[in-house]
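Below is one structure, written out as structure tokens; comments come after it.
What follows draws every value from the coordinates through simple rules; no lab data is involved. This is a predicted model, so every value here is computed, not measured. Because the Cβ atoms are built from the backbone with ideal geometry, glycine has one as well, and the counts that use them run over all protein chains shown.
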Amino acid sequence: SQTIHQWPATLVQPVGSPLSLECTVEGTSNPNLYWYRQAAGRGLQLLFYSVGIGQISSEVPQNLSASRPQDRQFILSSKKLLLSDSGFYLCAWAKPTDGNSPLHFGNGTRLTVT
Amino acid sequence: AQSVTQPDIHITVSEGASLELRCNYSYGATPYLFWYVQSPGQGLQLLLKYFSGDTLVQGIKGFEAEFKRSQSSFNLRKPSVHWSDAAEYFCAVDNFGNEKLTFGTGTRLTIIP
């Protein structure tokens, strides 16, 4: 069966510090991968998605970047965190289809920038 | 612009009572429709999905949803809620068939004894 792992579960970082959140998927190959952010009291905002190694699409301009160095690894990064980067970050994967494959989410990372 | 609306931010129901969570979308064609549930501090779990065919779909945990094209709605229902159903529920839409879901802002469900 397929599983998705995200770490760390919680993170407190000072403003201006770098960030690296990692997500890995097991039990499937060539998945579509996604990073979402959930701000308090709001829905989920798609940040990045990837359909293959080295292929990253950014949905919104921001202080963050994403990379996919391996087929089942997706990394969210920042060189210098802002207070507004605080939130709950969710990684997800889906089988590459025509859209009828649901997203499968990790347990998320709670990021607090102080 | 594409949008998904969940008009109820917070709903409180008694345990054993029926539940309906509303979801409306604005798209030109019939999209793919999903409902997800999120427990506090956790990721999202798929409850059910609609792609085509029968407009009443059954999901996990006793939930069902009905797609109504004329109302652009995909409301989630459960005949009798349990205390363990307390969570946040998200409706989501994929209009272009590319797994780039647009989510509603969520409805937080509280269950009272």
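Quantify how strongly other chains surround peptide A:101-109 by giving the mean number of their Cβ atoms within 10 Å of each of its Cβ atoms.
Working: counts 5, 12, 11, 4, 7, 3, 5, 5, 0.
Taking all residues of A:101-109 together, the mean is 6.
Roughly what percent of Cα-Cα pairs across segment B:15-54 reach past 10 Å? Walk me through the intermediate numbers first.
Working: 618 of 780 pairs.
Across segment B:15-54, Cα pairs with separations above 10 Å total 79 percent.
In percent, what relative contact order does chain A have, based on Cα pairs under 8 Å that are 6 or more apart in sequence? All intermediate terms of the calculation are to be shown ahead of the outcome.
On the way: 282 pairs, mean separation 40.4, N = 114.
It comes to 35 percent, rounded to a whole number.
If you only keep lysine pairs separated by 8 or more in sequence, or across chains, how many in the protein assembly as shown come under 16 Å at the Cα atoms?
Values: A:95/B:49; A:95/B:100; B:49/B:61; B:49/B:68; B:49/B:78; B:49/B:100; B:61/B:78.
Summing the qualifying lysine pairs gives 7.
How long is chain B along each principal axis, judged by its Cα atoms, biggest number first, in Å?
Extents along the principal axes: 42, 29, 22 Å.
Counting only C-alpha contacts under 8 Å and six or more residues apart, can you give the relative contact order of chain B as a whole percent?
On the way: 275 pairs, mean separation 41.9, N = 113.
Over chain B, the number comes to 37 percent.
With an 8 Å cut-off on Cα pairs and a minimum separation of 6 or more residues, tell me the relative contact order of segment B:1-66 in percent. Intermediate values should be presented prior to the final figure.
On the way: 75 pairs, mean separation 14.0, N = 66.
Computed over segment B:1-66, the figure is 21 percent.
Among A:50, A:101, A:67, whose mean-square fluctuation peaks in a Gaussian network model of chain A (Cα, cutoff 10 Å)?
Of A:50, A:101, A:67, the most mobile in the Gaussian network model is A:101.
Using the Karplus curve 6.51 cos²θ - 1.76 cosθ + 1.60 with θ = phi - 60°, what ³J(HN,Hα) values do you get for each residue of segment B:64-81, in whole Hz, with x for Gly and Pro?
9, 9, 10, 8, 10, 4, 5, 9, 6, 10, 8, 7, 9, 9, 8, x, 8, 7
Restricting to the protein assembly as shown, what percent of DSSP beta bridges are antiparallel, rounded to 5? Before the final figure, lay out the partial values.
Values: 69 of 78 bridges.
If I count the DSSP bridges inside the protein assembly as shown, around 90 percent turn out antiparallel.
Rounded to a whole number of µm²/s, how large is the Stokes-Einstein D of the protein assembly as shown at 25 °C and 0.890 mPa s, given Rh as the Kirkwood radius over C-alpha pairs? Don't skip to the answer; put the middle values down first.
Numbers: Rh = 18.2 Å.
Answer from the Stokes-Einstein relation: 135 µm²/s.
Once you average over the residues of B:38-47, how many Cβ atoms of partner chains fall within 10 Å of each Cβ? Present the calculation step by step, with values, prior to reporting the outcome.
Values: counts 6, 1, 0, 6, 6, 14, 12, 2, 4, 1.
Per-residue shielding by partner chains comes out at 5.
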